[in-house]
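Structure, as structure tokens:
Just so you know, all these numbers are worked out from the coordinates, no wet-lab data involved. If you're wondering where the values come from, they're calculated on a predicted model, not measured in any experiment. Every residue, glycine as well, gets a Cβ built from its backbone with ideal geometry; the counts of neighbours run over all protein chains shown.
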Amino acid sequence: MIPRFLPNTLARAFSRLSPKMDLPIHSLSHKNRLAATYPWTYSPLIISAPMRVISGPDLAVSVSLSGGIGFIGPGLTPESTALDLAAAKSLLPSTNNNHPFLPIGVGFQLWNGSLPHASSALATHRPFAAWLFAPSTEGGQSEIDTWTTTLRAASPQTQIWLQVGTVSAALAAARSAAPPDVLVIQGCEAGGHGQANPHGSGAGFITLLPEIADALQTANTNIPLFAAGGISDGRGAVAALGVGAAGVVMGTRFLASKQARIRKGYQDEVVRASEGATSTVRTQLYNHLRGTFGWPEEYSPRTVVNRSWREEREGVPFEELKRKHDELVAQGDGDGAWGPEGRTATYAGAGVGLVREVRDAGDIVREVREQTCAIVKMLGQLADSS
Ligand SMILES: Cc1cc2nc3c(=O)[nH]c(=O)nc-3n(C[C@H](O)[C@H](O)[C@H](O)COP(=O)(O)O)c2cc1C
């Protein structure tokens, strides 16, 4: 309703904006379809990211049993996925035994993944969703299409999710011969691997997601967009819903969950670290210290910094950093491996400063959902008073 005291010109401008707003905010429009597709979930949808090795069966099942969608991450070997899915099945209540699908998802990295192992794991265990990420530089969208088509043939009801970090990647996927069912829009705050930017900067989901929503609207496609990167509590989740996300993905927050498959020193450091803007950086250094080479140049990982990074900047040669790193790793999960004076990889996002305690994963899901609903209600009052 237009307030009566508004001058005519203002009132006309107001009526152009209201009651119908033309910004694409799809947070609500996919609600019923998503609820029907993932029938055990509650809205707003909270998702635990498929973090390599760390997101195991315990974490994925705990998140899904709390009304979210839990993902198992890529494993150490291509065979790990089927083993993890089998383990997840055994953790689910026996009431699920007669259901043909597992109420969890599973993640794959394309550039070094094994499509035959992935499709066989899907055909055998039938998770509700498969999350694809990081095709090779040469393969690009056509590699994603091959994975999508092959996985859909192996398990037709499994929904295909694709994580992207640019407008062009989102558009290419939406226009492709095999579009995904969900696009996860990963902002630069995200922990672990994400879009590398040659200039050292990047875009958070708060700008990336609405720009992608606008581009997809122009391209006439209507794929639900989920937000990832820096979301650690209800405040971040509301920000994501506010820019049009239909669901909220968290990785770093679940590093500090009881069900994460993570070393204690790593988890302690995630809880300790603060000021993600300065205590985390994107660098290939820790990949290389761990002996991981070959990531496509489009990606780099965000990590909490420690001595390895500081000394690299001071000019210490890589060989020396590697020797010191390997010595620490050889000592096992000792106190010295992680922390400001440690040397090992501590992949985590810029939201690390908001993660202050290790909690049960189910409690995290419930709490973030409740916080989100409470904030949305509060903001409703704000709108009423304007
Ligand atoms: C330790 C760690 C490992 C990750 N491994 C993967 C992975 O194997 N595949 C993937 O698609 N994303 C991976 N991610 C990125 C997540 O999918 C997601 O984008 C990210 O966790 C969201 O940002 P946040 O960590 O700030 O919540 C990883 C993230 C972290 C923190």
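Between Lys377 and Ser29, the distance separating the two model label sites (each 7 Å from Cα on the Cα→Cβ line) works out to 2.8 nm. Sparsely packed loop sites in segment 253-349 (the GluC sites (Glu not before Pro) outside DSSP H, G, I, E and B with at most 16 other Cβ atoms within 10 Å) comprise Glu275, Glu297, Glu314, Glu341.
Our compactness index for segment 274-352, the C-alpha radius of gyration over the empirical 2.2 N^0.38 Å, is 1.05.
Based on the Cβ-Cβ distance from Glu341 to Ala86, what FRET efficiency comes out when R0 is 35 Å, to the nearest 0.05? Working from the Cβ atoms, E equals 0.30. Taking every alpha-carbon pair under 8 Å whose residues sit at least 6 apart, segment 274-352 reaches a relative contact order of 42 percent. Looking at the chain, do any whole DSSP H helices span at least 30 angstrom along their long axis by alpha carbon and average -0.5 or above on Kyte-Doolittle, and which? Membrane-span-like by this rule: 361-384. In segment 218-236, which residues have a backbone nitrogen under 19 Å from the label point lying 7 Å from Asp363's Cα in the Cα-to-Cβ direction? The answer is 232-235, whose backbone nitrogens lie closer than 19 Å to the label point. At full extension, Thr137 and Asp326 could sit 65.0 nm farther apart than now, given 0.36 nm per residue minus the alpha carbon distance. The equivalent ellipsoid of segment 23-62 has semi-axes of 25, 13, 7 Å, largest first, where each one is the square root of 5 times an eigenvalue of the Cα gyration tensor. The lysines within cross-link reach of Lys258, meaning a Cα-to-Cα straight distance under 26 Å and a gap of 8 or more places when in the same chain, are Lys89.
Each residue, Glu370 and Gln217, gets one label point 7 Å from its Cα in the Cβ direction; the gap between the two is 3.5 nm.
Our summary gives the chain a relative contact order of 17 percent, counting only alpha carbon pairs under 8 angstrom and 6 or more residues apart. Dividing the summed -39500 (n - 2.57) terms of all DSSP H runs of n ≥ 4 by the residue count of the chain sets its mean residue ellipticity at 222 nm at -12500 deg cm²/dmol.
Here Lys31 is the anchor, and the lysines within straight C-alpha reach of less than 20 Å, apart from those fewer than 8 places off in the same chain, are Lys20, Lys377.
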